[in-house]
Amino acid sequence: MNLLENQVAIVTGSGSGIGKTTALMFAEHGARVMGADLDEKLAAETVAEIKAMGSEAVSICGNLLDPEFPKQKVEATISAFGKLELLVNNAG
């Protein structure tokens, strides 16, 4: 069994750097990942890499300065995966 099997995570800043590495690592260990990033193209590339590993992932784009974005990403995650257990607030 993988360490994060059946866990659902949001990783902000998942398009590059530490956020991307974290999203990939979570997926490698069995988590389903919602990648959140300001850059839609980079977020989609991370999702594609996760899916190529055989894991589940989706992305949402938005600006963390938008006060509605946290609610939107939580709702999108629950809609996609039915739950949310992990949050990595990496973007900044």
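Laboratory data are not the source of any read-out in this text; all were calculated from the coordinates shown. The structure displayed is predicted, hence computed values, not measured ones. So basically every Cβ, Gly included, is an ideal-geometry build from the backbone, and we count neighbours across all protein chains shown.
Annotations
- Here the relative contact order of the chain, from alpha carbon pairs under 8 Å that lie six or more residues apart, stands at 34 percent.
- Mean ellipticity per residue at 222 nm, deg cm²/dmol - from DSSP H runs of n ≥ 4 across the chain, formula -39500 (n - 2.57): -13000 deg cm²/dmol
- Table column - 3J(HN,Hα) (Hz), region 66-77, Karplus curve with 6.51, -1.76, 1.60, x for Gly and Pro: 7, x, 8, 4, x, 5, 4, 6, 5, 4, 5, 5
- Histogrammed with a bin width of 10 Å, the alpha carbon distances of the chain distribute as 20, 57, 21, 1 percent, first bin at zero.
- Estimated distance in nm for a label pair at His29 and Glu68, the labels positioned 7 Å out from Cα along Cα-to-Cβ: 3.5
- Under 5 Å from the amide H of Ile60 lie the amide H atoms of Gly35, Ala36, Asp37, each residue being 5 or more positions distant or on a separate chain, with H modelled from the backbone and absent for Pro and chain starts.
- Highest-MSF residue in the chain out of Gly15, Gly35, Gly62 [GNM, Cα springs under 10 Å]: Gly62
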